[in-house]
1. With respect to the numbered conditions (1) at pLDDT 95 or above; (2) assigned by TED's automatic domain parsing to the domain that holds residue 118; (3) surrounded by fewer than 14 Cβ atoms within 10 Å (Cβ to Cβ), which one is the sole condition not fulfilled by residue 195?
2. Taking residue 167 and the conditions (1) part of a strand (DSSP E or B); (2) farther than 20 Å from residue 99 by Cβ; (3) modelled with pLDDT under 95, which numbered condition does it fall short on, given that it satisfies the others?
3. Would you mind stating whether residue 61 is more than 30 Å from residue 26 (Cβ to Cβ) and surrounded by fewer than 14 Cβ atoms within 10 Å (Cβ to Cβ)?
4. Being in a loop (DSSP other than H, G, I, E, B), in contact (Cβ under 8 Å) with a residue 40 or more places away in the chain, surrounded by 14 or more Cβ atoms within 10 Å (Cβ to Cβ) and touching a strand residue (DSSP E or B) at 6+ places or on another chain (Cβ under 7 Å): is that true of residue 220 here?
5. In segment 87-109, which residue that is in contact with a strand residue (DSSP E or B) (Cβ under 8 Å, 6 or more places away or on another chain) and assigned to a loop (DSSP other than H, G, I, E, B) is surrounded by the fewest Cβ atoms within 10 Å (Cβ to Cβ)?
6. Could you grab the pairs with beta carbons closer than 7 Å, sequence gap of 6+ or different chains, first residue in segment 60-87 and outside the structural domain of residue 201 (by TED's automatic domain parsing), second one in a loop (DSSP other than H, G, I, E, B) and modelled with pLDDT of 95 or more?
7. Give the residues of segment 50-80 that are closer than 14 Å to residue 228 by Cα and not in a strand (DSSP E or B), sorted by residue number.
């Protein structure tokens, strides 16, 4: 079991290590979904948001279409399956990309120097560091954390709540630049069964403020339809 970056090895009374098959964090539940989450009047509708689905007709221009979705709380993405029909209308020239975008943070200037952060240049981007006499303010509820070592921010694994780590030994940075992290990049479609089946061994933790993108570039002619579902794990599934 891995507990928020800390290894905990459980053993039987005779010393044999306990091994489990599930890659989910202990206490998290299985959640299959073909859509992101939706929040209405502060109430989370899990799996009732943007659907993972795209369509092309016979006459529209070929090219890129994009699905953007997110979850309302942290999830672990394990794997999933995509399918596209009619199979004869999809070729290997059609391409799929699947990635997470972590948008840039944009702190607001605090003219009284009592903000909650300062901005430190670091080459092509800036690092946001917590401070009680800061030159800037950042809303930690809507901020975009980036996983790292020696970070200045902590993020609760279950809730995604961001808190300062002024000692610089946190697991996350807040940056002023956008980052993309790819799960799939330039993967050809056109399988004769019309299926893209993904099997993995581990899960990837995804913060609720990160944006998930699936991009399909359909270069082949004629109509086509694409849909997919994901196997995720999350604390709550109701």
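1. (2)
2. Result: residue 167 fails condition (1) only.
3. yes
4. Considered against the rule, which asks whether it is in a loop (DSSP other than H, G, I, E, B), in contact (Cβ under 8 Å) with a residue 40 or more places away in the chain, surrounded by 14 or more Cβ atoms within 10 Å (Cβ to Cβ) and touching a strand residue (DSSP E or B) at 6+ places or on another chain (Cβ under 7 Å), residue 220 comes out as no.
5. Taking segment 87-109 as the starting set, the residues that turn out to be in contact with a strand residue (DSSP E or B) (Cβ under 8 Å, 6 or more places away or on another chain) are 89-90, 92-105, 107-109.
Remaining after also requiring assigned to a loop (DSSP other than H, G, I, E, B): 90, 92-94, 103-105, 107.
Values: 90: 24, 92: 11, 93: 13, 94: 21, 103: 15, 104: 14, 105: 25, 107: 21.
The selected residue is 92.
6. Taking only residues 6 or more apart or on different chains, not a single pair turns up.
7. 50, 52
Yes or no, residue by residue, for (1) surrounded by fewer than 19 Cβ atoms within 10 Å (Cβ to Cβ); (2) free of Cβ contacts under 8 Å to residues at least 60 places away in the same chain; (3) not assigned by TED's automatic domain parsing to the domain that holds residue 116:
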residue: 155; (1), (2), (3): no, yes, no
residue: 158; (1), (2), (3): yes, no, no
residue: 161; (1), (2), (3): yes, yes, no
residue: 168; (1), (2), (3): yes, yes, no
residue: 199; (1), (2), (3): yes, no, yes
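The values are calculated or read from the model by the stated rules, or taken from the named source; none is laboratory data. All figures in this text were calculated on a predicted structure; none of them were measured in a lab. Because the Cβ atoms are built from the backbone with ideal geometry, glycine has one as well, and the counts that use them run over all protein chains shown.
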